[in-house]
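**Q** One structure follows; several queries about it will come next.
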């Protein structure tokens with residue numbers, strides 16, 4: 001799967017200057033990490049083919065630890081997992097809106113999809129699963145602190161993606177039915193919610209020429225009410241408010257870790273669970289801070305204040321509908337994995 005993400009030559013769309021250098025650096029880092037991860041993945045797949053005598057996924061079982069490690073590292077770059085995540089914040093902050101949406105909604109899913117696809121057929125996955133769980137849990141905590149320190153809204157959303165993918169990583173590492181269902185649901189929900197957040201952030205940056213929350217000013221509820229409402233809806237969905245899409249992937253990941261699963265030991269699973277619970281608190285804190293900084297408070301009028309246009313309404317309405325439908329009817333996805341268990345409970 002190939003697609004091109006173009007980076008503007010400057011942070012404001014002009015040519016030259018420090019913004020152009022930063023955009024080129026972000027694009028170069030993105031390219032190096034992507035190609036490097038793909039190279040590791042290719043070598044791992046070749047080793048699987050040589051070991052098993054077939055490149056069919058169903059026949060890809062292998063006893064090679066090296067192949068499992070290479071596949072793990074390749075998909076860890078694309079997820080991304082700490083410490084292979086460093087390409088993501090700059091790529092998101094320097095990319096145009098469409099690039100950020102594609103990165104969040106499509107590209108990051110290559111990592112979780114790969115883990116979900118290969119983990120059941122790699123006989124040595126049990127050896128790397130604990131590292132997957134711990135990397136996911138550390139990413140949740142680390143990204144939470146990083147988000148709280150951000151003034152740039154696009155960087156905040158980018159760092160939050162690392163945390164959300166951490167929940168999917170913990171769920172996959174358990175190799176349980178609940179865990180795989182949680183990873184699939186969380187990946188789909190993340191694409192909708194974070195895509196919506198980046199679209200709103202792009203709309204704000206188009207108006208104010210910056211993604212700095214301080215520069216945008218406070219009181220969007222009074223200045224651009226519908227734009228503020230869509231941002232707050234996406235933010236509370238991202239922090240896992242019950243009834244919205246972001247809730248189910250996180251809560252099922254916690255349940256999968258609590259039940260340990262088929263491959264994790266109790267200390268590893270419960271350590272990941274504890275860190276993930278702390279991460280939920282951090283996620284709530286940094287999104288509430290962002291809401292207070294730009295949506296609430298005394299309005300500070302800006303000459304660029306402009307509410308949603310027709311095209312923006314159309315795109316955001318589709319995304320908001322998806323967030324609400326999956327939040328209120330999680331059985332649409334869960335029933336594919338848990339038709340007689342969580343699908344019934346969720347309804």
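**Q** Taking the chain as the reference, fit the longest principal axis to its C-alpha atoms, fit the long axis of helix 125-148 to the helix C-alpha atoms, and give the angle between the two in degrees, 0 to 90, nearest 10.
**A** So the helix axis and the longest Cα principal axis differ by about 10 degrees.
**Q** Give, in nm to one decimal, the length gained when the segment between residue 206 and residue 35 is fully stretched (0.36 nm per residue of separation minus the Cα-Cα distance).
**A** Taking 0.36 nm per residue and subtracting the Cα distance, the gain is 58.5 nm.
**Q** Please identify which residues in the range 126-148 have an amide N closer than 20 Å to a label point set 7 Å out from the Cα of residue 65, following the Cα→Cβ vector.
**A** Residues 126-135 qualify, since their backbone N sits under 20 Å from the label point.
**Q** Between residue 285 and residue 241, what is the label-to-label distance in nm when each label sits 7 Å out along the Cα-to-Cβ direction?
**A** Going by the 7 Å Cα→Cβ label model, 2.1 nm.
**Q** For the range 83-346, just run the numbers: alpha carbon Rg, then divide by 2.2 N^0.38 Å, N being how many residues it has.
**A** 1.00
**Q** If you stretched the chain out fully between residue 313 and residue 51, how much longer would it get, using 0.36 nm times the residue separation minus the C-alpha to C-alpha distance?
**A** Length gained between residue 313 and residue 51: 89.1 nm.
**Q** Here's something else I'd like to know. Test of understanding: ordering 48, 288, 116 by Cβ neighbours within 10 Å, fewest first, what list do you get?
**A** Going from sparsest to densest Cβ surroundings: 288, 116, 48.
**Q** Between residue 21 and residue 266, how many nm apart are label points set 7 Å from Cα along the C-beta direction?
**A** 5.6
**Q** Based on other C-beta atoms within 10 Å, arrange 87, 270 from fewest to most.
**A** Result, fewest neighbours first: 270, 87.
**Q** For the pair residue 332 and residue 98, how long in nm is the line joining their label points, each one 7 Å along Cα→Cβ?
**A** 2.6
**Q** Can you put 216, 165 in order, fewest other beta carbons within 10 Å first? Mind showing how you got there, number by number?
**A** Values: 216 25, 165 29.
Ordered from fewest to most neighbouring Cβ atoms within 10 Å, 216, 165 come out as 216, 165.
**Q** Select from 159, 258, 286 the residue whose mean-square fluctuation is largest in a Gaussian network model of the chain (Cα-Cα springs shorter than 10 Å).
**A** Of 159, 258, 286, the Gaussian network model singles out 258 as fluctuating most.
**Q** In a Gaussian network model over the chain where Cα atoms closer than 10 Å are linked, find which of 309, 49, 209 has the largest mean-square fluctuation.
**A** 309
**Q** Can I ask one more? Report the extension gain between residue 306 and residue 121 in nm, rounded to one decimal, defined as 0.36 nm multiplied by the number of residues separating them, less their alpha carbon distance.
**A** Extra length from residue 306 to residue 121 when fully extended: 61.4 nm.
**Q** Let me ask something additional. What is the calculated FRET efficiency for residue 131 to residue 292, with r their C-beta to C-beta distance and R₀ = 41 Å, to the nearest 0.05?
**A** FRET efficiency, residue 131 to residue 292: 0.65.
**Q** Evaluate the relative contact order of the chain (contact order divided by residue number), counting alpha-carbon pairs under 8 angstrom at least 6 apart; express in whole percent. Present the calculation step by step, with values, prior to reporting the outcome.
**A** Details: 600 pairs, mean separation 58.5, N = 347.
Reported as a whole number, the value is 17 percent.
Values in this text are rule-based calculations from the coordinates and carry no lab data. All of these numbers come straight from a predicted model, not from anything done at the bench. Note that we place each Cβ from the backbone using ideal geometry, even for glycine, and neighbour counts take in every protein chain shown.
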